[in-house]
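The values are calculated or read from the model by the stated rules, or taken from the named source; none is laboratory data. As the structure is a prediction and not an experimental result, all values here were calculated from the model. Note: ideal-geometry Cβ built from the backbone for every residue, glycine included; neighbour counts use all protein chains shown. Heads up: the accessible areas ignore ligands, DNA and RNA and are worked out on the full protein's heavy atoms, side chains in. Shrake-Rupley method; radii C 1.70, N 1.55, O 1.52, S 1.80 Å.
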Amino acid sequence: MGIVEAILLSVITAATPLVLAAIGELVTERSGVLNLGVEGMMIMGAVSAFAITQITGSPYLGMLAGVACGAIFSQLFAFLTLTLVANQVATGLALTLLGIGVSGMMGESFLGLQGIKLQPIAIPLLADIPYIGPLLFRQDIIFYLSIAVVAGVHWFLFRSRAGLKLRAVGDSHASAHALGVNVIRTRYLAVMFGGACAGLAGAQLSLVYTPQWVENMSAGRGWIALALVVFSSWRPWRLAAGGYLFGAVSISQLHAQAFGLGIPSQLLSSLPYVATIVVLILISHNRRMTLINTPASLGKPFVPDR
Amino acid sequence: MKKLLLALASTAAVIGFATGASAQEKAKICFVYVGAKTDGGWTQAHDIGRQELEKALGDKIETQYLESVPEGPDAERAIERLARSGCGLIFTTSFGFMDATIKIAQKFPDVKFEHATGYKTAPNVATYNSRFYEGRYIQGQIAAKMSQKGVAGYIASFPIPEVVMGINSFVIGARSVNPDFKIKVVWANTWFDPGKEADAAKALVDQGVDILTQHTDTTAPMQVAAERGIKAFGQASDMIKAGPQTQLTAIVDTWGAYYIKRTQAFLDGKWETTSSWDGLKDGILTMAPYTNMPDDVKKMAEETEAKIKSGELKPFTGPLKKQDGSEWLAAGATSDDGTLLGMNFYVEGVDDQLPK
C-alpha cells in the first residue's frame, strides 16, 4: 500500500463519523430544531454498540443497537423541547452532558475489553479497480451506509413530497401548520432521524475507528459535526465534502509531523478548525445564499393554537 | 411538605453526626482524581494504590475519593469539601490541581495535603512524583534491539518537560544500543482521544517506523500496532490486553507503597513536607512483564532494570549532546533533577523540532 493510499484510507475512516452525525443534524435543523446534543447521542451510540457487540459477539447487532440507542435517546430531547417547549439550546447542552455521564456509567464493565472490529466488505468487480477499488469498495458497511444516507437525504429533501413538507416546517412552522402539516410530529421524526445517525456515527467510533470502549471517546466530534452543518449551509453533498476536507486536513497534519516538517504541532493541530473558519467566512461572504438556506424557524419553539 | 423537609433535614443531621463520630475513631484519608477510577490508565493506577492502602492499614483508616474532578475552580470546591468533612490527609492526583491544593491548604493548616507531580510545597503540602523516564530508558534499549529499520515512533501529548524528558530518555536508551537510532515524534496535543491517537499511530507506521511508544492515555495506539503487526510499549498501565502479541513491556505506575508509607507517617504523627521523586528502586514505578521478545533482549532489559535500581546506571549520564550537536553533559557527568524537571530541549537522535 502506497503512502497516498494509506493517507486516503485514514481520511475516510476519520471523516465517516463526522459526515454521519452531521447529516442527521442537517435533517433535524431543516425541520427547524436545533439539537446541540449530537455529542451526547453519539457517545450513547458508541457505548451501546460496543456493549451489544460484546454481549452477542456480532458487531452488526451492535451497530443496530447504536442506531436504536441514538434514536431513543434523542426522543428525550424531543419530548422536552417539542412537547414541554423547553429551551432548545439549554436542553441540547444538557443532553450532551447527560450522554457523557450515562455512557460512562453504562460502559464501566466494558472498559479495557478487546473490541470486535466491523470487517470490510469487498464489493465484487468494483473492488478490483486499481487505486479506487481498495479505497472506496473495500470498506465496512457503515461507510457505505454513510454515502447512502447522504444521497438519500438529498433525494428526500429536494425530490420528495415529505421532504418538501419537512422544509416547510423548518422555514415557517405557522404556515405549514395552517396548511395542515403536523409540525410537532414532523419534528419528532426529524429529531429521531438525527439521533439515529449520531448513534450510527458513535457505533463507527467503537466498532471501526478504534474498536474499544473508553469513556468520552467521541472527544468532541459531535461539535465538529454541528459546525459542519453550518459549513455546508444545510446542503447534503456540500456537507459530505466538508467532512472529508476536515478529515483530510486533520490526517495530513499528523503525517506532516511524522515527516518532520518544522511547523509547530499546535499550529498543525488547529488546522482543521482554521480550515472550517476560513470556509465559513467564504460562505458567509455570499450572505444572500446563506440566508436562503438557513431554516427560518431554526431554534424557535412551536406552540399550536388550541 | 414542611414535615417531610423537617424529617429529611433531621435524618441528614443524624447521618452527618454519625459519620462525624466514626471519623474520630479512624483517620480519614482522601483522594481527588482527575478521571474515572476505571480509566485504564492514570487515575486507575492511583485508585489501585488507594485500595492497597486500605488493605494495608484498613483497621486504622478509612478512605474516600472524588472521581472525575475537573482541573480549575471545581477542583478547589472539591478539595475544600473533603477538608471540611474531616479528612486528615488529602492526596490530589493531577498536575492541574496544584494551585487549588495550595490555596485550600492555607485555609486548613491542620489538614495535610499531598499533590502529585507538582512543584509547589507549603508546611502542610508535600509533593510526590515518579521517575517514569527510568522505564523509558529501558524501553529505548529494547526498541533498538527489536527494530529492523532503526526508527521508532513516539506519540506525544503536550510539549511539557515531563514528556520531553521521556522522549530524551527513550532516545538515550536506544542509542546506547544502536548509536544511529532515530525516533519520529507526533504531537497529538491531547492526553485522551483514541481516534486521534490511532491516526497518529497509523501516520507513523505508514512513514516507516516499525516500533511504537506513546505518552498518551488510551490503548488505541497499541491496537493499531497489533493490527499492523509491529511491536509497541504500554503507558501508565499494563496494556497487554490490547495487544497480547504486541506489547513488549509497559511502564506501570504503582503508587501503593508511597501511599502506605506516607499514611503511616501521618498516623505516627511524623508527617513532614517533602518533595518525593522516587523511581524503579522504590517500587513506585514497575515494568510490566517483558514479553514478545527474544531471551537475550529480555536479559538485557532485566539487567538494565537492576542497574537502575542499584543506582549504578543513571539514564541521563554523559557524554550527551543536544539535538543541535552542542555539548550537554561531559563523559560521566549526570544531569541534576532541576534540569530534568524543566527540560525544554531534545538530545541527539530526535527527528522532530520541539514545539516552543
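Here are a few things to note about the model shown:
- Residues satisfying the stated conditions in region B:279-293, i.e. more than 15 Å from residue B:129 (Cβ to Cβ), without any contact (Cβ under 8 Å) to a residue 60 or more places away in the chain and in a loop (DSSP other than H, G, I, E, B): B:288, B:289, B:291
- Pairs linking a residue in region A:206-223 that is facing another protein chain (nearest Cβ under 9 Å) and in a loop (DSSP other than H, G, I, E, B) to a residue that is open to solvent by less than 10 Å² (accessible area, probe 1.4 Å) and polar (S, T, N, Q), with Cβ atoms under 6 Å and 6 or more positions apart or on different chains, are A:214/B:218.
- Residues (in contact with an Asp or Glu (Cβ under 8 Å, 6 or more places away or on another chain), β-branched (Val, Ile, Thr) and either under 30 Å from residue B:236 (Cα atoms) or part of a helix (DSSP H, G or I) (or both)) located in region A:94-141: A:96, A:100
- Residue in region B:316-327 that is assigned to a helix (DSSP H, G or I) and either out of contact with any Asp or Glu (no Cβ under 7 Å at 6 or more places or on another chain) or farther than 30 Å from residue A:114 by Cβ (or both) present: no
- Residue within region B:284-298 that is touching a helix residue (DSSP H, G or I) at 6+ places or on another chain (Cβ under 7 Å) and within 26 Å of residue B:111 (Cβ to Cβ) present: yes
- The requirement of being more than 14 Å from chain A (Cβ to nearest Cβ) and either closer than 30 Å to residue A:248 by Cα or open to solvent by 30 Å² or more (accessible area, probe 1.4 Å) (or both) is satisfied by residue B:148.
- Condition check for residue A:20: farther than 19 Å from residue A:206 by Cα and not aromatic (Phe, Trp, Tyr): no
- Here residue A:278 clears all of (1) under 14 Å from the mean Cα position of the chain (by Cα); (2) part of a helix (DSSP H, G or I); (3) more than 14 Å from chain B (Cβ to nearest Cβ) except the condition numbered (1).
- Flag: residue B:91 does not match the condition of being at pLDDT below 95 and open to solvent by less than 10 Å² (accessible area, probe 1.4 Å).
- Of all the residues in region A:77-90, those that are more than 16 Å from residue A:222 (Cβ to Cβ) and surrounded by 14 or more Cβ atoms within 10 Å (Cβ to Cβ) number 6.
- Looking at region B:199-261, the strands (runs of 3 or more DSSP E) lying wholly inside it that each contain 2 or more residues that are more than 10 Å from chain A (Cβ to nearest Cβ) and more than 29 Å from residue A:12 (Cα to Cα) sit at B:247-253.
- Number of the condition not met by residue A:266 [criteria: (1) part of a helix (DSSP H, G or I); (2) open to solvent by less than 30 Å² (accessible area, probe 1.4 Å); (3) at the interface with another protein chain (Cβ under 8 Å from one of its Cβ atoms)]: (2)
- Just one of (1) more than 9 Å from chain B (Cβ to nearest Cβ); (2) on the phi < 0 side of the Ramachandran plot; (3) surrounded by fewer than 17 Cβ atoms within 10 Å (Cβ to Cβ); (4) not β-branched (Val, Ile, Thr) fails for residue A:302. It is (3).
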